[in-house]
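Structure first, commentary second.
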């Protein structure tokens with residue numbers, strides 16, 4: 001499988017652990033303040049990004065959905081409200097993030113619809129052709145091997161069904177891109193430090209986002225892995241993108 005530059009960017013540069021272990025540790029540490037920092041650093045716009053992405057699934061009306069890298073459950077909860085599926089399965093490698101997700105799901109009264117499992121997004125513990133849709137928000141950038149993770153999502157979705165990916169991208173305009181880089185690479189890590197959060201984690205956020213193969217580059221990777229009908233939609237002046245692709249077949 002091909003390797004990409006962002007595959008090798010890790011949160012803790014002095015650690016000898018593999019990226020997957022480091023990402024797990026990072027999110028376990030961040031879990032208790034993760035939602036607060038997300039809303040604060042994005043001024044709440046990340047919620048609208050998620051809603052816009054999930055609305056791409058409305059026409060498919062999926063009944064069984066897999067939420068990869070579910071984190072604290074935001075995508076699963078929003079999808080449950082907007083799509084009313086029979087069941088959403090959320091998987092994540094961080095046990096601490098799943099604890100937060102479980103509390104939020106219980107508070108929303110959605111325990112019968114959203115089911116959480118600790119698991120590796122690159123070795124999904126489900127048979128092929130299981131789900132009507134697979135979605136992942138801000139998670140593929142953290143895969144240790146991007147192609148492997150994409151192939152797993154393609155494997156477990158049913159033929160003809162959709163895979164939805166929401167991920168950071170690099171703005172095209174020079175002014176916006178300069179401001180974006182300043183914010184992601186300098187401001188966000190410093191703000192995290194002010195709130196006594198792990199500065200290394202937010203430095204990793206900027207570095208991994210900058211190295212991620214976005215827009216047509218990512219669409220090309222999806223095509224090479226085996227997706228069909230691939231599309232990319234830019235949001236908020238190019239700060240993030242919605243990618244969709246389907247599994248060939250009927």
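The values are calculated or read from the model by the stated rules, or taken from the named source; none is laboratory data. Just so you know, these numbers come straight off a predicted model, no measurement behind them. Backbone-built Cβ (ideal geometry, glycine too); neighbour counts: all protein chains shown.
Suppose we filter 127, 161 for residues that are touching a residue at least 60 places away in the same chain (Cβ under 8 Å) and over 16 Å from the mean Cα position of the chain (by Cα); which single one remains? Before you say what the answer is, go through the steps one by one.
Working: 127 fails: touching a residue at least 60 places away in the same chain (Cβ under 8 Å).
The match here is 161.
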**Item:** Residues (within 17 Å of the chain's Cα centre (by Cα) and assigned to a loop (DSSP other than H, G, I, E, B)) located in region 105-119
**Value:** 119
**Asked** Given the conditions (1) buried (at least 19 other Cβ atoms within 10 Å of the Cβ); (2) part of a helix (DSSP H, G or I), and given that residue 122 satisfies all but one, which numbered condition is not satisfied?
**Response** (2)
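Could you tell me whether residue 102 is part of a helix (DSSP H, G or I), surrounded by fewer than 19 Cβ atoms within 10 Å (Cβ to Cβ) and touching a residue at least 12 places away in the same chain (Cβ under 8 Å)? Outline the logic, then answer.
Working: part of a helix (DSSP H, G or I): yes; surrounded by fewer than 19 Cβ atoms within 10 Å (Cβ to Cβ): yes; touching a residue at least 12 places away in the same chain (Cβ under 8 Å): yes.
The answer is yes for residue 102.
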**Message:** Would you confirm, using the coordinates I've provided, whether residue 85 is farther than 27 Å from residue 7 by Cβ, assigned to a strand (DSSP E or B), touching a strand residue (DSSP E or B) at 6+ places or on another chain (Cβ under 9 Å) and at pLDDT 95 or above?
**Reply:** no
**Asked** Can you find even one residue in region 86-94 that is in contact (Cβ under 8 Å) with a residue 12 or more places away in the chain, buried (at least 16 other Cβ atoms within 10 Å of the Cβ) and farther than 24 Å from residue 149 by Cα?
**Response** no
